[in-house]
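K.L.:
Below is a structure I'd like to ask you about.
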Amino acid sequence: MSVAEAGEILETEDLSWSVGGIHIIRGVSLRVTQGEFLSVIGPNGAGKTSLINLVSGVVRPTAGAIRFGRTDITRRGPADRAKAGIARTFQTSSVFLERTVLENVRLAAQARLGGSGSLFRRPRRNDRATELARDALERSALQGVAYKQAGELTHADKRKLELAILAVQRPKLLLLDEPTSGAAAEEVDVLIDIARGIHREGNTVVMVEHHIELVASISDRIAVMHNGGLLMVDSPDVVLSDPTVQKAYLGEGL
Ligand SMILES: Nc1ncnc2c1ncn2[C@@H]1O[C@H](COP(=O)(O)OP(=O)(O)OP(=O)(O)O)[C@@H](O)[C@H]1O
């Protein structure tokens, strides 16, 4: 059965990445199902961000393959992968700091709707892109700062804006690398709720995140990384009750 028939949107096969003779990712074979919320956990330096970098095309593997649907994307660059429908959080280049929050999300909406050379025209109150943008702002708890310049936002609001921009793009696969990092405790739940909302709209999400309880509450499956390899991939219940995982998160190391 092909990957697409099995309902898988992403498959990494024996994926490895070395830099200067150091093995950072070691033989990771992972399958992500269409519509799934998969979280990636693991100790600092386990290789979680590197895996996201490999899938989004920021770095190229030294061995192994990556398939997106039926297509082998192993040798494709990040722009090509983005076009194919893979989006990730850290693409700060998609945030225009001197434009308002609403304009930023509206530009993303307009790009999705097939806007061409008119991206910078003045937003009209009732056009479709503005409607989509307002909706995304509401779901991301950003209505109150819609007319603020993106560069003036608090850290947490910037993270919300990144999520709102991604949400409005409706990517086929959304890669979230620690969407709550640097956010104050009271904002963490809000950010995770936004991620949950994006998933509920039918998006496939792969999220790297340190807040284990939140990860467990939101994920269909959890992948545990350690030392560049994949330790296990299973349901939150199975993963969190695993003695090795418990040991790792109690700080005793593996
Ligand atoms: N470009 C690079 N060159 C050399 N080493 C790198 C490079 N990128 C990552 N590493 C190393 O690879 C290892 C894995 O890093 P990575 O950032 O993927 O881990 P992580 O699981 O995301 O960690 P954290 O939870 O701390 O963000 C680390 O030891 C890191 O120093």
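K.L.:
Is it the case, given these coordinates, that G35 is away from the ligand (no atom under 11 Å from the Cβ), small (G, A, S) and not in a strand (DSSP E or B)?
P.N.:
When the stated conditions are applied, G35 passes them.
K.L.:
Hey, another quick one. Residues that are touching a Pro at 6+ places or on another chain (Cβ under 7 Å) and within 25 Å of A141 (Cα to Cα): does region 191-201 have at least one?
P.N.:
yes
K.L.:
If you go through region 160-177 one residue at a time, how many are of a type in the set (D, E, K, R) and either without any contact (Cβ under 8 Å) to a residue 40 or more places away in the chain or in a strand (DSSP E or B) (or both)?
P.N.:
2
K.L.:
Right, next: Just a yes or no: is a residue in region 236-252 polar (S, T, N, Q), part of a helix (DSSP H, G or I) and touching a helix residue (DSSP H, G or I) at 6+ places or on another chain (Cβ under 9 Å)?
P.N.:
Looking for residues that are polar (S, T, N, Q), part of a helix (DSSP H, G or I) and touching a helix residue (DSSP H, G or I) at 6+ places or on another chain (Cβ under 9 Å), one finds at least one in region 236-252, hence yes.
K.L.:
Out of the residues in region 34-56 meeting the condition of being surrounded by fewer than 17 Cβ atoms within 10 Å (Cβ to Cβ) and in contact with a Ser or Thr (Cβ under 8 Å, 6 or more places away or on another chain), tell me which one is farthest from I198 (Cα to Cα).
P.N.:
Among those that are surrounded by fewer than 17 Cβ atoms within 10 Å (Cβ to Cβ) and in contact with a Ser or Thr (Cβ under 8 Å, 6 or more places away or on another chain), it is Q34.
K.L.:
Looking at S235 and the list (1) loosely packed, with under 14 Cβ neighbours inside 10 Å; (2) more than 19 Å from R31 (Cβ to Cβ), which single condition is not satisfied?
P.N.:
For S235, the failing item is (2).
K.L.:
Of all residues in region 50-90, how many are part of a loop (DSSP other than H, G, I, E, B), touching a residue at least 60 places away in the same chain (Cβ under 8 Å), away from the ligand (no atom under 16 Å from the Cβ) and at negative phi?
P.N.:
The number of residues fulfilling the criteria is 1.
Taken together, the values in this text are just the output of simple stated rules run on the coordinates, not laboratory data. A quick note: this is a predicted structure, and the numbers were derived from the prediction, not measured. We place every Cβ from the backbone using ideal geometry, glycine too, and count neighbours over all the protein chains shown.
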